[in-house]
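The values are calculated or read from the model by the stated rules, or taken from the named source; none is laboratory data. Note that the structure is a prediction, hence the values are computed from the model and not measured. Cβ placement follows ideal geometry from the backbone for every residue including glycine, while neighbour counts extend to all protein chains displayed.
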Ligand SMILES: [Ca+2]
Ligand SMILES: [Ca+2]
Ligand SMILES: [Ca+2]
């Protein structure tokens, strides 16, 4: 069973994907995220980057829908989302694959110079893509950046995300990766 803390974090994650803020997830939310990424990055909807991202996010949605949705209504509810994540963290292979894929998306979109590092400004853009005010980056990033070199490497982020998904320690730094999460 998910602990109360884990539940709070997965609800936070749900709210990040609920781009249309209507309390359930569907294909439109994933399209909205791609369109927002295009606005942030100034990509035309005909550009190759846009098209690639669009298909990746639709693929992501279809995978989620197939696994998580228990009805045939093309929606994923919060309850289904929580059940999905409870199963996900008990399946190391699926967890690794999914997080690796999500991380590749983050770097595809935000690591402009392709050096495998994300800066505070890039993290702020990432937060704004997912319905979170970019102002949090200023407060969170220095805590996440544990060696204080102004950058998060892919390995750092993977470790922080692991904490976000698995940890039941209220003080764990990784809990804060996407900003405040308590409701
Ligand atoms: Ca929605
Ligand atoms: Ca970079
Ligand atoms: Ca660092």
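Within the range 55-62, is there a residue that is exposed (fewer than 12 other Cβ atoms within 10 Å of the Cβ) and modelled with pLDDT of 95 or more?
Let us first name the residues in the range 55-62 that are exposed (fewer than 12 other Cβ atoms within 10 Å of the Cβ), namely 55.
Now drop any that are not modelled with pLDDT of 95 or more, which leaves 55.
Yes, the range 55-62 has at least one match.
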Tally up the residues in the range 146-183 that are within 16 Å of ligand 2 (Cβ to nearest atom), more than 15 Å from the chain's Cα centre (by Cα) and in contact (Cβ under 8 Å) with a residue 24 or more places away in the chain, please.
4
Just checking, does the range 106-117 include any residue being within 17 Å of the chain's Cα centre (by Cα), at negative phi, away from ligand 3 (no atom under 16 Å from the Cβ) and part of a helix (DSSP H, G or I)?
yes
Looking at the range 116-129, is at least one residue surrounded by fewer than 16 Cβ atoms within 10 Å (Cβ to Cβ), farther than 23 Å from residue 44 by Cα and away from ligand 1 (no atom under 16 Å from the Cβ)?
yes
Residues of the range 67-96 being assigned to a loop (DSSP other than H, G, I, E, B) and in contact with a strand residue (DSSP E or B) (Cβ under 6 Å, 6 or more places away or on another chain), in sequence order, are 69
Among (1) surrounded by fewer than 17 Cβ atoms within 10 Å (Cβ to Cβ); (2) closer than 30 Å to residue 48 by Cα; (3) at pLDDT 95 or above, which single condition is residue 143 missing?
(2)
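Between 37, 32, which is in contact with a helix residue (DSSP H, G or I) (Cβ under 8 Å, 6 or more places away or on another chain), surrounded by 15 or more Cβ atoms within 10 Å (Cβ to Cβ) and modelled with pLDDT of 95 or more?
On the way: 32 fails: in contact with a helix residue (DSSP H, G or I) (Cβ under 8 Å, 6 or more places away or on another chain).
Checking each option against the conditions leaves just 37.
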Taking residue 64, is it away from ligand 3 (no atom under 16 Å from the Cβ), touching a strand residue (DSSP E or B) at 6+ places or on another chain (Cβ under 8 Å) and outside any strand (DSSP E or B)?
yes
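For the range 118-144, name all the residues that are assigned to a loop (DSSP other than H, G, I, E, B) and without any contact (Cβ under 8 Å) to a residue 12 or more places away in the chain. Lay out the reasoning, then the answer.
Taking the range 118-144 and keeping what is assigned to a loop (DSSP other than H, G, I, E, B), we get 119, 130-134.
The answer is 134, and nothing else.
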Out of everything in the range 1-28 that is part of a helix (DSSP H, G or I) and in contact with a strand residue (DSSP E or B) (Cβ under 9 Å, 6 or more places away or on another chain), what residue ends up being nearest to ligand 3 (Cβ to nearest atom)?
17
Of 44, 15, which residue is at pLDDT 95 or above and more than 16 Å from the chain's Cα centre (by Cα)?
44
